[in-house]
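Report on one structure; see the data block that follows.
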């Protein structure tokens with residue numbers, strides 16, 4: 001199988017890539033930087049905040065005469081500035097929308113266009129519990145995850161109407177020990193009322209590791225959830 005994974009430079013994305021590489025699969029990693037070196041790993045440099053780089057992204061060299069099943073995992077995501085909405089900048093909103101929404105949506109379309117419905121087995125959009133509830137000082141982040149949730153549910157409806165077998169899931173991995181969590185804990189209490197909760201999760205060793213998430217995700221995808229809806233927590 002070929003796994004196309006966005007955001008493989010660190011955190012969950014890199015852990016997922018390494019999991020599948022260790023399993024003997026092929027991985028195409030799409031991110032701004034890369035530290036993975038493996039015979040089965042192909043790196044494509046792309047900054048999702050730059051529309052032109054998305055235009056220039058080219059997966060066509062990976063289309064084979066005898067195609068392998070393809071799995072897309074849209075993992076890239078940013079939380080941006082953790083501040084009250086009236087202090088946020090246009091750059092915050094545009095970058096958040098490009099990375100968390102536009103790039104993920106486009107990758108779903110582009111991968112299908114490139115490899116075809118018959119060869120794309122699964123599309124996974126990594127989401128968050130914040131997409132289902134309001135978190136003060138995370139307005140744009142919450143909105144972006146809510147958007148990708150509904151987008152994924154709509155894609156599932158289209159797939160049913162088209163009688164296609166591609167599975168689509170939005171998966172929330174819980175609270176994970178990544179650089180995003182570092183940014184959350186580094187925020188100021190006056191800017192983020194929930195900051196202390198995340199500090200305590202770290203102090204109490206209650207965060208999942210990216211490697212744990214990679215294993216849980218792989219286990220989930222090895223099971224049949226086709227009749228259980230689109231939104232899931234692992």
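The numbers here are math on the coordinates, done by the rules we state, and not lab data. It should be emphasised that the depicted structure is a prediction, and the values quoted were computed from it without experimental measurement. No Cβ is skipped: glycine too gets one built from the backbone with ideal geometry, and neighbour counts run over all protein chains shown.
A few comments on the model shown:
- Ordering of 5-12, 213-220 by burial proxy (mean other Cβ atoms within 10 Å per residue, highest first): 5-12, 213-220
- Three principal axis extents describe the C-alpha atoms of the chain; from largest down they are 57, 37, 35 Å.
- Centroid-to-centroid separation of segment 32-111 and segment 169-234 [C-alpha atoms, Å]: 19 Å
- Beta bridges by DSSP in the chain, antiparallel share as percent, to the nearest 5: 0 percent
- Distance histogram in 10 Å bins (all Cα pairs of segment 68-185, percent per bin): 13, 43, 29, 13, 2
- Relative to the dominant Cα principal axis of the chain, helix 11-22 is inclined by about 30°.
- The order of 20, 93, 169, 55, going from fewest to most other C-beta atoms within 10 Å of their C-beta, is 55, 93, 20, 169.
- Sorting the segments 190-203, 98-111 by their mean number of nearby beta carbons within 10 angstrom, highest to lowest, gives 98-111, 190-203.
- Relative packing of peptides 80-88, 142-150 - highest average C-beta neighbours within 10 Å first: 142-150, 80-88
- Residue among 119, 92, 38 with the largest mean-square fluctuation in a Gaussian network model of the chain, springs linking Cα atoms under 10 Å: 38
- Ranked list, fewest to most other Cβ atoms within 10 Å of each Cβ, for 42, 232: 232, 42
- The chain: angle of helix 103-115 to the longest principal axis, Cα-based, in degrees nearest 10: 10 degrees
- Cα-based helix-to-principal-axis angle, 210-221 vs the chain, degrees rounded to 10: 50 degrees
- Across segment 7-99, Cα-Cα pairs farther apart than 20 Å form 45% of the total.
- The value of relative contact order for segment 60-133, using C-alpha pairs under 8 Å at least six residues apart, is 51 percent.
- Mean ellipticity per residue at 222 nm, deg cm²/dmol - from DSSP H runs of n ≥ 4 across the chain, formula -39500 (n - 2.57): -12000 deg cm²/dmol
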